[in-house]
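Enquirer: Pasting a structure below so you can have a look.
The values are calculated or read from the model by the stated rules, or taken from the named source; none is laboratory data. Nothing here was measured: the structure is a model prediction, and the numbers come from that model. Note that we place each Cβ from the backbone using ideal geometry, even for glycine, and neighbour counts take in every protein chain shown. Keep in mind that these areas ignore ligands, DNA and RNA; they rest on the heavy atoms of the full protein, side chains included. Shrake-Rupley method; radii C 1.70, N 1.55, O 1.52, S 1.80 Å.
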Amino acid sequence: QKEVEQDPGPLSVPEGAIVSLNCTYSNSAFQYFMWYRQYSRKGPELLMYTYSSGNKEDGRFTAQVDKSSKYISLFIRDSQPSDSATYLCAMINNRDDKIIFGKGTRLHILP
Amino acid sequence: SAVISQKPSRDICQRGTSLTIQCQVDSQVTMMFWYRQQPGQSLTLIATANQGSEATYESGFVIDKFPISRPNLTFSTLTVSNMSPEDSSIYLCSVEEQGTAYGYTFGSGTRLTVV
């Protein structure tokens, strides 16, 4: 079983819809959870990060961590065509500080 | 957050040759990281470059294939040596993002195609 699993998509949704992006993981030592957004021909940019379980909201984006299920989510409300990108989850365990990335989900917001 | 300039942005190279990728940061940073992003694969850490010491390589990556220089606190280079088509990938440098616990800032990447 891979440490971090992420559906590569592509995921296509109409503009204005709520988008749900998810990752599962197997290592219970992961403590920090991040979401990166990567536009075509650009490097990943940090979108949100959370520590341990719970929710964190930033504008139209909400990051959710469920450590009991080893499941993290990123919700995008009122999605816009400019949200079209690849979204990568990433997590760090508190034992060796190594960051592990998911493969990324390609998201298309249809105007 | 730090601004990273990475050059070249893309290149097409002949097999057996080498390519050196440059990474310039607009602020002094202790550690710089080099990643590989292959199609359909996760970002994979190649090595960590510290100024004044040899780079630390991850499992599966060796210095002879990916020599790294770190002459000062704002600059690093990664060389992909004796290239084969399997080295075709995007290579990215990264630094820790200031003000966050574990966030990282990435350059725009170098898209390498080996023919």
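Enquirer: May I ask you to derive the relative contact order of chain B, considering only C-alpha pairs under 8 Å and at least 6 residues apart, and to give it as an integer percent? The partial results should precede the final answer.
Expert: Details: 284 pairs, mean separation 42.6, N = 115.
Value for chain B: 37 percent.
Enquirer: If you take every DSSP beta bridge fully contained in chain A, what fraction is antiparallel? Give it as a percent rounded to 5.
Expert: The answer is about 90 percent antiparallel.
Enquirer: Okay, moving on. Which order, highest average first, do B:12-24, A:87-99 follow once you tally other Cβ atoms within 10 Å for each residue and take the mean per peptide?
Expert: Order by mean packing, descending: A:87-99, B:12-24.
Enquirer: Taking each residue in B:86-95, count the Cβ atoms of any other chain within 10 Å of its Cβ, then average. What number comes out?
Expert: Other-chain Cβ atoms within 10 Å of each residue's Cβ, averaged: 1.
Enquirer: Give, to the nearest whole percent, the P(r) tail of chain A beyond 21 angstrom, counting all Cα pairs. Don't skip to the answer; put the middle values down first.
Expert: Values: 1870 of 6105 pairs.
So the portion of pairs separated by more than 21 Å is 31 percent.
Enquirer: Excluding ligands, DNA and RNA, what is the accessible area buried between chains A and B, summed over both sides, using a 1.4 Å probe, to the nearest 100 Å²?
Expert: Its buried surface, counting both partners, is about 1600 Å².
Enquirer: Let me ask something else about it. Hey, got the average number of other protein chain Cβ atoms within 10 angstrom for residues in B:103-109?
Expert: For peptide B:103-109, the averaged partner shielding equals 6.
Enquirer: Then there's this: Using Stokes-Einstein with the Kirkwood hydrodynamic radius over Cα pairs, what translational diffusion coefficient do you get for chain B at 37 °C and a viscosity of 0.692 mPa s, in µm²/s rounded to a whole number?
Expert: Diffusion coefficient, whole number: 233 µm²/s.
Enquirer: Considering the dipole of chain A built from charges on the beta carbon (Lys and Arg +1, Asp and Glu -1) around the Cα centre, which of A:14, A:38, A:54 is farthest to its positive end?
Expert: Of A:14, A:38, A:54, it is A:38.
Enquirer: At a Cα cut-off below 20 Å, give the aspartates and glutamates reachable from residue A:56, other chains included and same-chain residues fewer than 8 away excluded.
Expert: Of all the aspartates and glutamates, those that pass the test against residue A:56 - Cα under 20 Å, at least 8 places apart if same chain - are A:45, A:66, A:78, A:83, B:97.
Enquirer: Also, quick follow-up: From Cα pairs below 8 angstrom and at least 6 apart in sequence, can you work out the relative contact order of chain A, rounded to a whole percent?
Expert: 37 percent
Enquirer: Per residue, how many Å² of accessible area does the range A:4-100 show with a 1.4 Å probe? If you can, show how the numbers build up before the last one.
Expert: On the way: 4530 Å² over 97 residues.
With all protein chains present, the range A:4-100 gives 47 Å² per residue.
Enquirer: Rounded to the nearest 20 Debye, what is the dipole magnitude of chain A about its Cα centre when Lys and Arg each give +1 and Asp and Glu each give -1 at the C-beta? All intermediate terms of the calculation are to be shown ahead of the outcome.
Expert: Numbers: 13 positive and 12 negative charges, 44 e Å.
Roughly 220 debye, rounded to the nearest 20.
Enquirer: Next up: Which of the listed residues, B:61, B:30, B:6, is farthest toward the dipole's positive end in chain B, when Lys, Arg count +1 and Asp, Glu count -1 at the beta-carbon?
Expert: Farthest towards the positive end: B:6.
Enquirer: Let me ask another. As a test of understanding, state the convex hull volume per residue of the range A:33-73 from its alpha carbons, in Å³.
Expert: In the range A:33-73, the Cα hull volume divided by residue count equals 72 Å³.
Enquirer: Work out which residues of the range A:28-61 lose at minimum 30 square angstrom of accessible surface when the other protein chains are put back, relative to the chain isolated, with a 1.4 angstrom probe, and list them by number.
Expert: Residues meeting the cut-off: A:32, A:36, A:38, A:41, A:43, A:44, A:46, A:49.
Enquirer: Please give the direction-averaged projected area of the C-alpha convex hull for the protein assembly as shown, in square nanometres with one decimal.
Expert: On the way: hull surface 50.1 nm².
Across all orientations, the protein assembly as shown yields a mean hull projection of 12.5 nm².
Enquirer: While we're here: Would you look at the GNM of chain B, springs on alpha carbons closer than 10 Å, and say which of B:69, B:53, B:94 moves the most?
Expert: Comparing B:69, B:53, B:94 in the GNM, the peak value goes to B:53.
Enquirer: In the range B:27-51, what residues drop by 10 Å² or more in accessible surface going from the chain by itself to the full protein assembly, probe 1.4 Å?
Expert: B:35, B:37, B:40, B:41, B:42, B:43
Enquirer: Between residue B:15 and residue A:57, with labels modelled 7 Å along Cα→Cβ, what's the label distance in nm to one decimal, could you check?
Expert: Once both label points are built, they end up 5.6 nm from each other.
Enquirer: Determine which aspartates and glutamates satisfy two conditions relative to residue A:103: a Cα distance under 14 Å, and not lying fewer than 8 residues away in the same chain.
Expert: Partners within reach: A:3, A:5, A:7.
Enquirer: So how far, in whole Å, is the C-alpha centre of the range A:45-81 from the one of the range B:1-79?
Expert: With the range A:45-81 and the range B:1-79 each reduced to a Cα centre, they are spaced 30 Å.
Enquirer: Roughly to the nearest percent, how much of the accessible area of the protein assembly as shown is carbon and sulfur, given a 1.4 Å probe? Don't jump to the answer; show the numbers that get you there.
Expert: On the way: 5070 of 10890 Å².
With neighbouring chains kept in place, the figure for the protein assembly as shown is 47 percent.
Enquirer: Expressed in nm², what is the orientationally averaged projection area of the convex hull enclosing the Cα positions of the range B:23-70?
Expert: Dividing the Cα hull surface by four gives the mean projection, 4.0 nm².
Enquirer: Which cysteines in chain B lack any other cysteine whose Cβ sits under 4.7 Å from their own Cβ?
Expert: B:13
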